[in-house]
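Here's the structure, in structure tokens; my notes come after.
Here, each number is a calculation from the coordinates, and none is a lab measurement. Quantities reported herein were computed from a predicted structural model and do not represent experimental measurements. Note that we place each Cβ from the backbone using ideal geometry, even for glycine, and neighbour counts take in every protein chain shown.
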Amino acid sequence: MRTIQTEVLVIGGGATGTGVIADLALRGFRCALVEKRDLAHGTTGRYHGLLHSGGRYAVKDPKAATECIEENVILRRIMPHCIEDTGGFFVVTPWDDDAFGDRFMQGCRDTAVPCEEISIPHMLREEPHLNPGISRCFRVPDGSADSFLATQSVAALAQAHGAQILHYYEVKQLIRQGDRVVGALCYDLVKDEEVAVHADLVVNAAGAWAGKIAHTAEVEVNVRAGKGTMIAASYRIVNTVVNRCKMPADGDIIVPVHTVSIIGTTDEGVPDPEHFAIEPWEVQLMMQEAAKIVPGWHDLRMLRCWGGVRPLYQETKVADTRDVTRAYTLLDHETRDGVAGFITITGGKWTTYRQMAQVTVDRVCEKLGTARPCTTHETVVPNPFEQGHGRQHHNLGQRLADVEKEEAFGQLICECELATRADVEHAITQGEAKTIDDVRRDVRVGMGPCQGGFCTYRVAAIWHELKKPSIEETNVTLRDFLQERWKGLMPILWGPQLKQERLDELIYLSVLNADHLPGPRASRLGPAMYEPGTVWESDHAHV
Amino acid sequence: MTNDVLVIGAGLAGLTTAWQASLHGKGVRVIAKGWGATHWHAGCVDVLGYWPMESETPVANPAATLPDLLAANPQHPYALVGLARLAAALDGLQQLCSDAGYPLVGSLDKNWRLPTAVGAARPTCLAPATMIAGNLDDHAPMLLVGFKQLPDFYANVAADNLAQQGIPARHVALDLPALAGRNFTTAVNLARFMQQSDFRAAVVQAVKPHLGEAARVGFPAVLGLEEATAVHQDLQAQLGRPVFEIPGLPPSVAGMRLHRILKSAIEKNGGRVYDGMEAIGFAADGGRVTAVYTETSGRPRQHRYDRVVLATGGILGGGIVTNHAGEVGEVVFNLPLRHPENRLEWFRRDFLDKQGHPIYRSGVSVNENFQPMNGRVVYQNLFAAGNTLAGFEAIRERSFDGVALATGFVVGNLVGN
Ligand SMILES: Cc1cc2nc3c(=O)[nH]c(=O)nc-3n(C[C@H](O)[C@H](O)[C@H](O)COP(=O)(O)OP(=O)(O)OC[C@H]3O[C@@H](n4cnc5c(N)ncnc54)[C@H](O)[C@@H]3O)c2cc1C
């Protein structure tokens, strides 16, 4: 069996894991990260897109609010290319209690979250689609954040400082010698082989999967998975993050992210962080709640729906997952369970990933008997796409300007997201892409209104040309991506998007006959499918 | 011109209806929101490609297999059409296209297996002569030619898949000086270029060094629009071997040719075809449709015709719409529909599911005269044709064009008589 030796092994390539590895690398540790899929495959790539100001927790969870605003300020400074300064509103709609506004203001004051009340005409001037029945509006420094780009950037920073990042490495089993964890047995999905990674210390940053990982070393960590469902509508119907001003509940935030507006979320306990259904009642609930903030929301074109799982750590059983604290949890298994060489960091928010990484690596230093100060709060995270090949999101307008400047219209591979052939080639040859879905995370192909209708074929052909895999591998890569897109479409297919999807069927089945190409129908790198939802009516008293 | 027949929808079904009705000397008007699926599809006539739908091998002989389909699905639109009228519809279209100098080759008792832009074998019944040399029952080696500037067709995947299936195939992507630095290179654009002889000469010159063993040469379906046959023949002559077209991503140049031919046949017979006219409502009296309204910039415009044909397509064409609450509706007449009762039954787990997603079978139920039914005839003078009809899975069966053509043909004759 192949083996890898390192000083610190990090499990999980989400915001937390990449944050930890970057911090480790900056402090001079030899380190490696294993992620079972692509970076941001987990909750980080399926979140709501909100850089919290802390406003959401100002009343309910002041500790979390303070953490958020501290990190909000830092992240804006160290990764400006990942953050759009949309600002945020907290609005009191006709369904909410007017008086909560005062509690909200007080909460913000107590937690140092900047907040000012603005007039309704002023609000409507800035966001004319908001419900004119809104009675109060507060402005806070929320933002919109691109977690794909952020995760990649942080990982690239780690690599630049010597860290090793291993994609498509799934931890099967922690390696335990007596009272110590000494590494992890991994499965390389691409090469289809087992690899042993040995380390002095293992950091478990597997988010909602952290309990499963710990369990393989016979350490019990009770992490529940709380599923949240979000829906992206095809337009930026708002340019500001809009939160309902009330106690946090379902479907009370709309976040503008790139070209779309996202409504979310629900919060439901699920038995498995990987396999769950998006239930029709959740979709209905999101639609209904969004329309309270933006009347006419139902008439927008829904693009896609997805679920992310919150890692909810608990030492005791709690009935409603939203009541579990959002603040993060660091577990030192040597003191907690008598198992040395093993730390778990879970919970928290995307917004607080850096702080979580900092306390984790502080603990690593302690364990390894060295004192090295953290510098991540003052280290600017470069945009890995900036050198040489100039173009990367952050906004569609910039992409359009580039395309126009280079007169690259004919080479638009994804017209919806304005991804050019050069972008796609770069992602395939320079990046770590193992599937078309990985290319999507890099350059946003397939994320616009047609959801891959045109670009799937094109990317598959460029993939085939540059990677030179066997033709059967290319065929299954194409089919995997079609299935991946379908997964997030099925729950919200109606109206124009259903029509679009039928066109995609016409193209891929009838014109191309891709369902009768040689090779397997799906591969192990393809999407983990959830079953179609079955519950139309909610018996949950959510609203 | 009398106001005899109003056809709503300008896809293959609507245009075929209007063309047939106009042959009977009727005054015909076609109104459509936009063009139909002819502009997206392959430009062939698929009658029945896979049956049973889960079969891995395509139907070899549609005429022989259709009775099985009808036995299994007696509600299928083909059951109302019948084999004889289906054959007549194919003949009719073949005659029309051949008169227009753009022959469609094939017959109901044989499916072609033609290469797709990913190199799968595509079963189809009638194909333009410009595509026939791609026949995959013939194992002669081929060269597939793409254009660097055309992102809607890549020859590499197609060639490698064909080679995998036992057909020697190589590929080349041309980078012609005439296209270098161009902003827009769509299939339609290339088709226009192809009609210029100096552009063709440049293509031939660029292809020749790559010919090698190739006994035939495949191009994306961009070999001319109005002058496709001449372009095709000229390339064959210059390259000294058979040339064929392969349909790529929409828009479909080959589909546009069929559309043009049908439209001019209607116009030649005095009919009129208008796009950009969306039907938004109607008036009825005494069990008859008395008027159809279309949207204009001022007030809705009224169309009063003796007979009205609904050919707005299914979910793809926009004739059937759905919403978040799980409602399924017909857009113009709010006709009763057959559709899955419950939104939970709309879809299956896999995009490529062999049976297809039940929602796409939604449509209008009609009697043997293609009149929409709700227990009884809804409106005496209203008919429906094409993919608006209920109870079949056009894409999984590969019957998309066949149903549109055959039902349009039958309805056109019904309303024309
Ligand atoms: C619905 C929802 C919306 C949210 N919205 C926001 C928001 O708007 N703003 C905000 O700040 N926060 C938000 N959060 C919280 C935030 O997204 C998460 O706290 C954060 O992304 C967690 O990151 P992580 O790295 O800990 O976990 P993850 O991103 O889940 O990373 C864990 C990684 O471990 C990998 N892994 C699992 N098992 C193995 C194994 N065996 N071997 C190797 N790798 C493995 C997984 O593939 C995954 O990539 C939201 C959370 C949810 C659920």
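Listed values, structure above:
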| quantity | calculated |
| --- | --- |
| Residue-span extension gain [A:Arg76 to A:Arg301] - 0.36 nm each, minus C-alpha spacing | 77.9 nm |
| Residue-averaged 222 nm ellipticity for the protein assembly as shown, from DSSP H runs of 4+ at -39500 (n - 2.57), nearest 500 | -9500 deg cm²/dmol |
| Cα centroid separation - segment B:1-26 against segment A:145-182, whole Å | 65 |
| Cross-link table A:Lys499/B:Lys263; A:Lys191/A:Lys227; A:Lys63/A:Lys246; A:Lys434/B:Lys148, entries beyond 23 Å C-alpha to C-alpha | A:Lys499/B:Lys263; A:Lys191/A:Lys227; A:Lys434/B:Lys148 |
| Residue-averaged beta-carbon neighbours from other chains (10 angstrom radius) around B:161-167 | 3 |
| Within 10 Å of each Cβ in A:453-463, the average number of Cβ atoms from other chains | 4 |
| Dipole of the protein assembly as shown, positive direction: furthest Cα of A:Leu312, A:Met356, B:Ala325, with charges on the beta-carbon | B:Ala325 |
| C-alpha center-to-center spacing [segment B:326-404, segment A:502-523] in angstrom | 23 |
| Inter-chain shielding of A:489-502 (mean C-beta neighbours from other protein chains, 10 Å cut-off) | 6 |
| Cα centroid separation - segment B:28-44 against segment A:228-246, whole Å | 37 |
| Estimated FRET transfer efficiency (B:Asp306, B:Val188; beta-carbon r; R0 30 Å; 0.05) | 0.20 |
| DSSP beta bridges in chain A [antiparallel fraction, %, rounded to 5] | 70 |
| For A:Ile413, residues with placed amide H under 5 Å, excluding near neighbours | A:Ala419, A:Thr420, A:Arg421 |
| For peptides B:62-68, B:148-154, sequence by mean Cβ density within 10 Å, most packed first | B:148-154, B:62-68 |
| Per-peptide average of other Cβ atoms within 10 Å, ordering A:214-226, A:476-488 highest first | A:476-488, A:214-226 |
| Top positive-direction residue, dipole computed over the protein assembly as shown with Cβ charges, set A:Gln497, A:Ala58, B:Leu316 | B:Leu316 |
| Highest to lowest packing among B:302-314, A:103-115, B:118-130, scored as the average C-beta count within 10 Å | B:118-130, B:302-314, A:103-115 |
| Linear extension gain, B:Asp137 paired with B:Gln233, 0.36 nm per residue minus alpha-carbon span | 32.3 nm |
| B:Gly281 long-range amide H proximity, modeled H, under 5 Å | B:Tyr293 |
